[in-house]
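The values are calculated or read from the model by the stated rules, or taken from the named source; none is laboratory data. Because the structure is predicted, anything quoted here is derived from the model rather than measured. All Cβ positions, glycine included, derive from the backbone under ideal geometry; neighbour counts span all protein chains shown.
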Amino acid sequence: MTIRISELWKIYRVGTEKVQALRGVDLHIRANEFVAIMGSSGSGKSTLMNILGCLDQPTAGKYELNGRPTHKMGAAALSRVRNEEIGFVFQSFELLNRASALDNVMLPLIYSRTNFWGAKKRAAEALDRVGLSNRMDHRPNQLSGGQRQRVAVARALVNKPSILLADEPTGNLDSKTSEEIIALFQKLHDEGQTIVVVTHEEDIAGHARRIVRLRDGRILSDHPTEADPVHREFLARAALMATEAVAVPTADSLPGGPP
Ligand code: ADP
Ligand code: MG
C-alpha cells in the first residue's frame, strides 16, 4: 500500500467564484501507517480525503494509489479502485436506517462477485471485528451513536481495503464514545490496517503515529506524533492540569480540618 500525492490542486468553481481548496499538496503514505490530518475548518481536509478516497478528482497534480495513477482515470475505473482499495467512514455514519447492521455491512459486497452466503459470512466477520457480533439484526435507530459508527467501520472494512479513511469519525460522538472508536482504530492499525483519520481534537490525533496539519489548502507541518510541537504542548498542558487537579486541597487537608 502506498499513497503518493504530488503538487495536488483542487479548485472549486461556484458561479464566477473560484475556491482554491488545495494548493500544491505533497504527501507520501506507506503501508501500515496511522496518520491524523488536522487543521481548522475550511483548511481542505475533506477535499483531500475525498480525493484520497477516489470520491473526487484533483484539478491538477498526481495521486498514485498502489502505483496506479488515479488522476488519469475515468469515472468507471475510479469507482472500481474505490470499491477494491478504499474503506470510507463519515462523521454522519451514512447508514441505511431501514436495514439491519448486517445488511448495511453487506451492501458494498453487492457490487463484488461474492455470492450471498459468502457475503453474509464476511459481513458477520467484519461486525465481529468491531465487537458487534451481538447486534447484527439491530437497525441503526436501535443502536447507540458509537455502535452506529462501528457498523460504519465494519462496512468500510468488509472489502478488505488497503486503506481505511475516516473524515471526523468522532465528530458526532461524546468524548467517551470517541475514545472507544479511536481505540478500535488503534486495534485495526495493530492488526496491520493502514489508516488516515481527520480530526480536530488533539487527544484523538494523539492515537495516530503521524500528524499532518493543513492550513489554507497547504501542508503546514508533518511530524511523527511524539515530535509534533503542537501536540507536545497539548500533552504538557494536559499533564499540568492533571497535577493541578491533584494539588487542589480537599476539605480534610485544610488547616483545622472539616468544620
Ligand atoms: P475542511 O474539511 O478542512 O473543513 P473542506 O475541504 O471541506 O475543508 O473545504 C475547503 C474549502 O473548499 C472551503 O473554503 C470550502 O468552502 C470549499 N469547498 C469545499 N467543498 C466545496 C464544494 N463542493 N464546492 C465549492 N467549494 C467547496
Ligand atoms: Mg471537513
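Observations, loosely collected:
- Tally of residues being within 16 Å of ligand 1 (Cβ to nearest atom) and at pLDDT 95 or above across the stretch 172-189: 0
For every residue, the table says whether it meets (1) modelled with pLDDT under 95; (2) crowded, with 23+ Cβ neighbours inside 10 Å; (3) among the aliphatic types (A, V, I, L, M).
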| position | (1), (2), (3) |
| --- | --- |
| Val89 | no, yes, yes |
| Ser100 | no, no, no |
| Thr114 | yes, no, no |
| Lys121 | yes, no, no |
| Ala124 | no, no, yes |
| Arg135 | no, no, no |
| Lys160 | yes, no, no |
| Pro169 | no, yes, no |
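- Qualifying residue in the stretch 198-218 (condition: surrounded by 21 or more Cβ atoms within 10 Å (Cβ to Cβ), out of contact with any His (no Cβ under 6 Å at 6 or more places or on another chain), of a type in the set (S, T, N, Q) and closer than 13 Å to Val35 by Cα): yes
- Filter result for Ser6 (within 16 Å of ligand 2 (Cβ to nearest atom), out of contact with any helix residue (DSSP H, G or I) (no Cβ under 7 Å at 6 or more places or on another chain), of a type in the set (S, T, N, Q) and over 29 Å from Pro108 (Cα atoms)): no
- Enumeration of residues in the stretch 10-67 that are under 21 Å from Arg210 (Cα atoms), among the β-branched types (Val, Ile, Thr) and in a strand (DSSP E or B): Val25, Ile29, Val35, Ile37
- Residue-level check: of (1) surrounded by 19 or more Cβ atoms within 10 Å (Cβ to Cβ); (2) of a type in the set (D, E, K, R); (3) within 16 Å of ligand 2 (Cβ to nearest atom), Arg82 misses just (3).
- Test: residue in the stretch 64-81 that is touching a Leu at 6+ places or on another chain (Cβ under 6 Å) and more than 11 Å from Ile3 (Cβ to Cβ): no
- Within the stretch 189-202, residues that are closer than 11 Å to Arg213 by Cβ sit with their Cβ atoms under 9 Å from residues that are surrounded by 18 or more Cβ atoms within 10 Å (Cβ to Cβ) and among the small types (Gly, Ala, Ser), at 6+ positions apart or across chains, in these pairs: His200/Gly39.
- Every residue from the stretch 5-48 that is among the β-branched types (Val, Ile, Thr) and either over 16 Å from the mean Cα position of the chain (by Cα) or surrounded by fewer than 18 Cβ atoms within 10 Å (Cβ to Cβ) (or both): Ile5, Ile11, Val14, Thr16, Val19, Val25
- The set of residues in the stretch 199-223 that are more than 18 Å from the chain's Cα centre (by Cα), in a loop (DSSP other than H, G, I, E, B) and of a type in the set (D, E, K, R) contains only Asp216.
- Index of the failed condition, Ala124 passing every other in (1) more than 22 Å from Phe90 (Cβ to Cβ); (2) under 21 Å from the mean Cα position of the chain (by Cα); (3) among the aliphatic types (A, V, I, L, M): (2)
- Evaluating Leu52 against the criteria (1) at pLDDT below 95; (2) hydrophobic (A, V, I, L, M, F, W, C); (3) within 16 Å of ligand 2 (Cβ to nearest atom) leaves one unmet condition, (1).
- Condition check for Gly146: in contact (Cβ under 8 Å) with a residue 40 or more places away in the chain and small (Gly, Ala, Ser): no
- Filter pass, Lys120 being out of contact with any strand residue (DSSP E or B) (no Cβ under 8 Å at 6 or more places or on another chain), away from ligand 1 (no atom under 16 Å from the Cβ), farther than 26 Å from Trp9 by Cβ and without any contact (Cβ under 8 Å) to a residue 24 or more places away in the chain: yes
- Meets criteria (hydrophobic (A, V, I, L, M, F, W, C), modelled with pLDDT of 95 or more and within 16 Å of ligand 2 (Cβ to nearest atom)) for Ala21: yes
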